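Worksheet: one structure, shown below.
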Amino acid sequence: MMNTPLQEPDPGLSAERAGRSRRPWDNFLSGRYDLIAVIVLICASAIPYLNSLSNGFVYDDNLQIVNNPALSDPSSIIEFLRIPRGLKYVTLVADYQIWGLNPFGYHLTSLILHVLCTISLFFLLNILFANWGVSLMTALIFAVHPVHTEAVTAIANRSDLLAMFFFSWS
C-alpha cells in the first residue's frame, strides 16, 4: 500500500528502511560522496587564501595584536570573555602563546577557520534541505566568494569567521 501525503508512514518500517535516518547526523560522513565533498571543499576554500600565509600584519592587526600586551598574558582570557566579541581575543591569545608575533600562525588559524566554516555550511545545508548537490554547490560558492577575503586575510576580522562557525553549529 502506498502512502499518500495525508497518511502516516507504516509504523512497521524502520527509519532506515523508510529511506530516512532518525537523526540528521546519523549519516554524517557515512558515504563516499560526503568524504569527496569534504575534500573538494577543503581544497576550494584553502587554495584561494594560501597566498595570505606569507602576509604580515596589516591595518588593525598591528593595533589588536602587535601592540596589545594583554595577548601575552594567558590569564587575560577571563577578562576577554567579559567583553563583546571576546572569543576573538581568546583565539588571539592562543595564537600568541603558540606563534608569538609570527603572522604565519595567525593567518593559518584564520584559514583553518574558513575551511571549517565552509564544511560546516555544507553539512548544515545538507541537514536542512536534504539535497547533497545543492549543499555542495552552495558551500563551494561560499568557499570562493570574494566577500570573505577581508575576514580571512585580515586577522583582526577573525570574529566574522568565528560567528559563522558557531552559527552553523548552533
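The values are calculated or read from the model by the stated rules, or taken from the named source; none is laboratory data. Small disclaimer: the values here were computed from a predicted structure and weren't measured. No Cβ is skipped: glycine too gets one built from the backbone with ideal geometry, and neighbour counts run over all protein chains shown. Areas reflect the complete protein model, heavy atoms only, side chains present, ligands, DNA and RNA absent. Shrake-Rupley method; radii C 1.70, N 1.55, O 1.52, S 1.80 Å.
General remarks:
- Flag if S30 is at pLDDT below 95, over 15 Å from R158 (Cα atoms) and either hydroxyl-bearing (S, T, Y) or outside any loop (DSSP other than H, G, I, E, B) (or both): yes
- Failed item in (1) farther than 20 Å from L162 by Cβ; (2) out of contact with any Phe, Trp or Tyr (no Cβ under 6 Å at 6 or more places or on another chain), with S135 passing the rest: (2)
- Test: residue in the range 114-128 that is open to solvent by 20 Å² or more (accessible area, probe 1.4 Å) and either closer than 19 Å to G56 by Cβ or not in a helix (DSSP H, G or I) (or both): no
- If you filter the range 111-134 down to residues that are of a type in the set (G, A, S) and free of Cβ contacts under 8 Å to residues at least 40 places away in the same chain, you find that the one that is nearest to I42 (Cα to Cα) is G133.
- The residues of the range 68-90 that are surrounded by 14 or more Cβ atoms within 10 Å (Cβ to Cβ) and of a type in the set (V, I, T), listed by number, are I77, V90.
- First in the range 144-162 and over 22 Å from Y96 (Cβ atoms), second anywhere and surrounded by 16 or more Cβ atoms within 10 Å (Cβ to Cβ) and among the acidic types (D, E), Cβ under 9 Å, 6 or more apart: H148/D160
- Answer from Y59, Y89, Y49, Y96 - the residue that is under 30 Å from W132 (Cα atoms) and of a type in the set (F, W, Y): Y49
- Looking only at the range 139-149, and only at residues there that are surrounded by 13 or more Cβ atoms within 10 Å (Cβ to Cβ) and modelled with pLDDT under 95, the one that is nearest to N55 (Cα to Cα): T149
- The residues of the range 35-67 that are without any contact (Cβ under 8 Å) to a residue 12 or more places away in the chain and either more than 22 Å from the chain's Cα centre (by Cα) or crowded, with 16+ Cβ neighbours inside 10 Å (or both), listed by number, are N62, N67.
- Test: residue in the range 8-27 that is modelled with pLDDT of 85 or more and either in contact with a Ser or Thr (Cβ under 6 Å, 6 or more places away or on another chain) or open to solvent by 70 Å² or more (accessible area, probe 1.4 Å) (or both): no
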